[in-house]
Structures are given as structure tokens and as C-alpha cells.
Amino acid sequence: SVSGAHHLQNSWFGLTRYDGNQNTLYAGTQFRTELLEEQAFLTTGFSYRLENIRESIELGSNPLSKTYGGSYAKNESTPGLYAEAVLNLFDDKLTIMPGIRIDFNNLHGSFVTPRFLVKYSPDELTTLRATAGTGLRTVNFWSENSTLLAGGRNSVLMEPLQAERAVNFGMSISRIVDFAGLITTI
């Protein structure tokens, strides 16, 4: 699949002008193969994300001596590879999905983000799920924090921003019930 986006923003925050231009391109491909007849599958793939951001901040009248006016640019290129296995066991009552992804980012280096999901359905009405994994996101400071442009404080970035890393985990239980003739999931 291939997709692209273009975002143009021209804003005024009092006497401060913000102009932002973002172009994003995503391309991805995947290959899925059956390892065991309807019990195990392997999906692998390649993705590529290109992001080009140009921002300009003009401070106009500057009685508070703000220092963040100027031009900002980010050209980010991230090719990546991933693999995910799906194991269906015990007549599809238990599904196990381990996965791993490795990305090569031109600004932040290489990073690995594993994940693991388990789904257990003891009967047709009940499903238990558990998941754990990691993630990584790069920051677009001014467009994500534009409210700072409206305030009276100066914003100073003391060092280059690093990518944000996260650890995610969760559990859920769902049950289909017949409530006064209405079938619903709780």
C-alpha cells in the first residue's frame, strides 16, 4: 500500500505568526504464509515512511524578548522490517501472536519494538485478551505544542529532541450477554 498526506497551516497567535508545511509519504508491503494448516501463519513485511516538515515562526512585536523565532526543518526517513506469527491452538480457543519490528531512522538510529498478544476464548461467549509491547514516536515540537505560541513565556530547547519510547500492556475480558432480548457485549 502507498499513501501520502500534505498539511499546510498558517496561523496567528496574537502577533506571533506560525506557518507549517508537512508532507508525509508511507509505503508498505507484506507477505503472509501459512505454516501449519489453519493453525500457524507468518506475516512479514517492509515499510517506509518519509516525513518532511518546514516551519516558520515570526514573532512580530516582541516586548517579552522571546528567542524561538526562526525557521525549523525536519527531514525524517524510516525504512523498517517486521514479522508477526499467529498460532491458533486448541480448536481456535487460544491464539498467540508474537511480533517484532526493526526500524532504521536517519535522525534517531535503529530501534526494535517487540510485541506479544494472547487471546483465550473458553467458550463462544467469553474472550480474555492480554497484550504487551513497545513503541517509538518522533516529536514534532511546534505543531504538537502550538499553544506555547500564544503564551507570554519563552520556549528554549536545550538539546535536540529524542524519540519518545513507550511500553504498553493491557488485559481485557469481554462477554456476550442476552439482556432482555438484546444481545450486547460487556
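The values are calculated or read from the model by the stated rules, or taken from the named source; none is laboratory data. Since the model is a prediction, treat every value here as computed from it, not as a measurement. Note that each Cβ is placed from the backbone with ideal geometry, even for glycine, and that neighbours are counted across all protein chains shown. Each accessible area value is taken on the protein alone, full model and side chains, heavy atoms only, with ligands, DNA and RNA left out. Shrake-Rupley method; radii C 1.70, N 1.55, O 1.52, S 1.80 Å.
Residues of segment 1-18 that are without any contact (Cβ under 8 Å) to a residue 60 or more places away in the chain and surrounded by 15 or more Cβ atoms within 10 Å (Cβ to Cβ): 17 alone.
State all residues of segment 118-154 that are assigned to a loop (DSSP other than H, G, I, E, B), over 26 Å from the mean Cα position of the chain (by Cα) and closer than 24 Å to residue 21 by Cα; if no residue qualifies, say none. Steps first, please.
Of segment 118-154, the ones assigned to a loop (DSSP other than H, G, I, E, B) are 124-125, 138-140, 145, 151-154.
Within this subset, residues satisfying the condition of being over 26 Å from the mean Cα position of the chain (by Cα) are 124-125, 151-154.
Result: 151, 154.
Conditions tested, residue by residue: (1) open to solvent by 30 Å² or more (accessible area, probe 1.4 Å); (2) among the charged types (D, E, K, R); (3) in contact with a helix residue (DSSP H, G or I) (Cβ under 8 Å, 6 or more places away or on another chain); (4) part of a strand (DSSP E or B).
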residue	(1), (2), (3), (4)
35	yes, no, no, yes
38	yes, yes, no, no
46	yes, no, no, yes
49	yes, yes, no, yes
78	no, no, no, yes
86	no, no, no, yes
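When segment 171-186 is filtered for residues that are surrounded by 10 or more Cβ atoms within 10 Å (Cβ to Cβ), in contact with a Lys or Arg (Cβ under 9 Å, 6 or more places away or on another chain) and either of a type outside the set (A, V, I, L, M, F, W, C) or free of Cβ contacts under 8 Å to residues at least 12 places away in the same chain (or both), the ones remaining, listed by number, are 172, 174. With respect to residue 141, is the statement that it is touching a residue at least 12 places away in the same chain (Cβ under 8 Å), closer than 30 Å to residue 71 by Cα and touching a strand residue (DSSP E or B) at 6+ places or on another chain (Cβ under 6 Å) true? The answer is no for residue 141.
Can you find even one residue in segment 93-108 that is free of Cβ contacts under 8 Å to residues at least 24 places away in the same chain and farther than 22 Å from residue 169 by Cβ? No: segment 93-108 contains no residue that is free of Cβ contacts under 8 Å to residues at least 24 places away in the same chain and farther than 22 Å from residue 169 by Cβ.
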